Amino acid sequence: MQKPHDDSKACLTAFIQDSTLTVVIEMSLASWLVAGMIPGVNREPLKKIAPNPEVLLQLLHRWRDEAIKAGKEITRIAVAYETGRDGFWLARWLRARGIDAHVIHATSVAISREHRRAKTDRIDTAMLRRGFLGWLRGEPGHCSMAIVPTVEEEDAKHPHRERETLIKQRTSTVNRMKSILIKFGVRDFNPALRKAPAKLASVRTPEGIPLPSNAVAALQRHMQRFSIIKEQIKAIERTRLQRLQRDPTEKFNAMVFLLVRIIGFGVETAQQLVHEMLSRSLRDRKAVARYAGLTGSPDESGSKRREKGLSRSGNERVR
């Protein structure tokens, strides 16, 4: 049986270098460094521009015109950049304007493992270009591409991710309040209770004295923060239930209800599975196993044979 082609590992479209303008972008908050390979032009241009998509598009068209003047017909403009703070918006913006845009998994690009190595935007663009060219030629192992989600798919991940962040902040706030109390020997007071702020003034240390004023002020600030975090978590959960009940036949909502009804997951767990894993286009059963952490990590070199344990390629938000 023929193995399905993995589009993320190697490009399925034939790469014709003489008619393809190849460009990689090293993106940062202050500027973008754009490196290109122009057919028919000996130089490999490197241009630093403002982080503006319109400026980038003008630069791509200018390089395309240079290739046309050199006698090359450009039928494809292939652009790639690494995953990072900017996410996928630029890839969607470029694709809407006829540019073949891709987003490279940052961890899939091979880098030097030296302890002290030179690292500049120029070096990074050279590595990106090598990996991107190998991917365009259909050679596996150079880099892998992330699937560019739609705006709706990307936005659907925000509620449960924000809730998970708030849960961690809530736990951290409770631990900080308990650590303040422990410093003065107070172990029988629960700062996470609803009536805790009103009872704070009556708390006594083992010496029989009230808590110091600075400690009380810090606890009051933490309790206010704790109350705000709880309200934000409840607001996210209310909005989630309203959205599910408003459109229960929508594809992802129907999958959530199916998991809750048949398998018995909670709504939060079901929503995480649907939006983080089940919505992905995984190639085969092995890809599912790698994502979930059910495959091994063999370590073989010469006569040495050992297993380092299970490996996991999925994101850390799905347990």
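Couple of notes before you dig in:
- Checking ARG76, ARG85 one by one, the residue that is modelled with pLDDT under 95, charged (D, E, K, R) and open to solvent by less than 80 Å² (accessible area, probe 1.4 Å) is ARG76 and no other.
- In the range 272-319, the qualifying residues are those that are open to solvent by less than 30 Å² (accessible area, probe 1.4 Å) and either touching a Pro at 6+ places or on another chain (Cβ under 8 Å) or modelled with pLDDT under 70 (or both), and the one that is nearest to PHE252 (Cα to Cα) is VAL318.
- Taking the criterion of being assigned to a helix (DSSP H, G or I) and not β-branched (Val, Ile, Thr), the residues of the range 118-132 that qualify are ASP121, ARG122, ASP124, ALA126, MET127, LEU128, ARG129, ARG130, GLY131, PHE132.
- Which numbered condition ALA110 fails, given (1) within 14 Å of GLU82 (Cα to Cα); (2) modelled with pLDDT of 85 or more; (3) among the small types (Gly, Ala, Ser): (2)
- Considered as a group, the residues in the range 119-138 that are open to solvent by 70 Å² or more (accessible area, probe 1.4 Å) and at pLDDT 85 or above include one that is nearest to SER281 (Cα to Cα), and that residue is ARG137.
- For VAL203: the one exception among (1) surrounded by fewer than 17 Cβ atoms within 10 Å (Cβ to Cβ); (2) at pLDDT 90 or above: (1)
- Test: residue in the range 292-300 that is under 30 Å from LEU200 (Cα atoms) and either over 27 Å from the mean Cα position of the chain (by Cα) or not in a helix (DSSP H, G or I) (or both): no
- Long-range neighbours under 6 Å by Cβ, at least six apart or interchain, first residue within 20 Å of HIS222 (Cβ to Cβ) and of a type in the set (A, V, I, L, M) within the range 157-172, second part of a helix (DSSP H, G or I) and open to solvent by less than 40 Å² (accessible area, probe 1.4 Å): LEU166/ILE229; LEU166/ILE233
- Looking at ARG113, ARG97, just one residue is assigned by the TED database to the domain that holds ILE74, open to solvent by 80 Å² or more (accessible area, probe 1.4 Å) and out of contact with any helix residue (DSSP H, G or I) (no Cβ under 7 Å at 6 or more places or on another chain), and that residue is ARG113.
- Within the set ALA30, ALA67, ALA35, the sole residue that is surrounded by fewer than 15 Cβ atoms within 10 Å (Cβ to Cβ) and not hydroxyl-bearing (Ser, Thr, Tyr) turns out to be ALA30.
- When ARG225, ARG238 are checked against the criterion of being open to solvent by 20 Å² or more (accessible area, probe 1.4 Å), in the same structural domain as ARG176 (by the TED database) and without any contact (Cβ under 8 Å) to a residue 12 or more places away in the chain, a single residue qualifies: ARG238.
- Residue that is open to solvent by less than 40 Å² (accessible area, probe 1.4 Å), closer than 24 Å to ILE123 by Cα and either in a strand (DSSP E or B) or not assigned by the TED database to the domain that holds ASP121 (or both), where the choices are VAL23, VAL41: VAL23
- Those residues of the range 39-72 which are touching a Lys or Arg at 6+ places or on another chain (Cβ under 8 Å) and aliphatic (A, V, I, L, M), in sequence order: LEU46, LEU57, LEU59
- Within the range 179-200, the set of residues being within 12 Å of MET223 (Cβ to Cβ) and open to solvent by 50 Å² or more (accessible area, probe 1.4 Å) comprises ASN190, LEU193, ARG194, LYS195, PRO197, ALA198, LYS199.
- Taken over the range 227-281, the residue count meeting the criterion of being more than 30 Å from MET145 (Cβ to Cβ), of a type outside the set (Val, Ile, Thr) and not in a helix (DSSP H, G or I) is 5.
- Qualifying residues in the range 206-222 (those that are outside any helix (DSSP H, G or I) and among the hydrophobic types (A, V, I, L, M, F, W, C)) - the one most open to solvent (accessible area, probe 1.4 Å): ILE209
The values are calculated or read from the model by the stated rules, or taken from the named source; none is laboratory data. Predicted model, so just to flag it, every value in this text is computed and none were measured. Using ideal geometry, Cβ is built from the backbone for each residue, glycine included, and neighbour counts are taken over all protein chains shown. Accessible surface areas use protein heavy atoms only, side chains included; no ligands, DNA or RNA. Shrake-Rupley method; radii C 1.70, N 1.55, O 1.52, S 1.80 Å.
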